[in-house]
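The values are calculated or read from the model by the stated rules, or taken from the named source; none is laboratory data. As the structure is a computational prediction, the values presented were derived from the model and not from experiment. Every residue, glycine as well, gets a Cβ built from its backbone with ideal geometry; the counts of neighbours run over all protein chains shown.
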Ligand SMILES: NC(=O)C1=CN([C@@H]2O[C@H](COP(=O)(O)OP(=O)(O)OC[C@H]3O[C@@H](n4cnc5c(N)ncnc54)[C@H](OP(=O)(O)O)[C@@H]3O)[C@@H](O)[C@H]2O)C=CC1
Ligand SMILES: O=C(O)C1=N[C@H](C(=O)O)C[C@H](O)C1
């Protein structure tokens, strides 16, 4: 089925990649929304909306889509815990696919990290390292936070156990803490590594993205999947039939 898609953040790096992926999949870009454009008119003209813009924009996208009964795919990252809690309530009112990373490879990585975190005891200390281009506005990346959940949940840990960088007299590393480290520079599309280190050996699981097309294709596939679904919040695993 050919869909009409509204892209929010259309002039951005991802917005442009999504326009290409939309045409490639045989769908049509019905509206391109950027700062100062009419969001409601854009969403009204489409069967589904794909938002890759900025964290402060997500609330109005979710509210407008819910009011108009249109499905949403959201790839925007950088929301605070407070923003996220509020957004989850609004997102549940319409079919919403929300993920910090729409690539198949990263979602496989999350699965593998969950298994490793479960199999390896806490002696295998987990640290997460991500690197992105110098224009990225948020840290840690949304993907790093997905990977953090993949470590925390099987180990019975929570977000209070995340340790964002280290500086000064830090004391010895505790068993529970999960280190989060963000590198920025150049044109890196997105690298993520989860390291499990014990005395004598370490296991490293890595994904490297070299093209934004992988995220864009995943988002367009999620948009096609979302049309006609019951209101609710879905992840990429549901889209891929893995949940
Ligand atoms: N989930 C995933 O798979 C992926 C997620 N991302 C995330 O997607 C988001 C966008 O990334 P990227 O494309 O690189 O960033 P860019 O900065 O290139 O693009 C963001 C776009 O959003 C626009 N924008 C800002 N405010 C508004 C507004 N009020 N209404 C409509 N548009 C607005 C910006 O316009 P202006 O420049 O005028 O401010 C810009 O064109 C980030 O949060 C990033 O982390 C990125 C890749 C993959
Ligand atoms: O801003 C980016 O570029 C990316 N953002 C997403 C994130 O925050 O994880 C996904 C990808 O790594 C690229």
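Values computed for the structure shown
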quantity: Residue 178 within 16 Å of ligand 2 (Cβ to nearest atom), farther than 30 Å from residue 23 by Cβ, modelled with pLDDT of 95 or more and touching a helix residue (DSSP H, G or I) at 6+ places or on another chain (Cβ under 6 Å); calculated: no
quantity: Residue 204 free of Cβ contacts under 8 Å to residues at least 12 places away in the same chain, surrounded by fewer than 18 Cβ atoms within 10 Å (Cβ to Cβ) and in a loop (DSSP other than H, G, I, E, B); calculated: no
quantity: Criterion: touching a residue at least 40 places away in the same chain (Cβ under 8 Å) and either more than 30 Å from residue 10 (Cβ to Cβ) or buried (at least 16 other Cβ atoms within 10 Å of the Cβ) (or both) - qualifying residue of 156, 179; calculated: 179
quantity: Residue that is nearest to ligand 2 (Cβ to nearest atom), among those in region 78-109 that are assigned to a helix (DSSP H, G or I) and closer than 19 Å to residue 217 by Cα; calculated: 106
quantity: Given (1) touching a strand residue (DSSP E or B) at 6+ places or on another chain (Cβ under 8 Å); (2) under 30 Å from residue 230 (Cα atoms); (3) more than 11 Å from ligand 1 (Cβ to nearest atom), number of the condition residue 103 does not satisfy; calculated: (3)
quantity: Residue that is nearest to residue 216 (Cα to Cα), among those in region 47-63 that are surrounded by fewer than 24 Cβ atoms within 10 Å (Cβ to Cβ) and in contact with a strand residue (DSSP E or B) (Cβ under 8 Å, 6 or more places away or on another chain); calculated: 53
quantity: Residues within region 208-243 that are more than 14 Å from the chain's Cα centre (by Cα) and assigned to a strand (DSSP E or B), tallied; calculated: 2
quantity: Only listed residue being surrounded by fewer than 24 Cβ atoms within 10 Å (Cβ to Cβ), over 15 Å from the mean Cα position of the chain (by Cα) and within 16 Å of residue 226 (Cα to Cα), chosen from 92, 30; calculated: 92
quantity: Qualifying residue in region 126-134 (condition: in contact (Cβ under 8 Å) with a residue 24 or more places away in the chain and assigned to a helix (DSSP H, G or I)); calculated: no
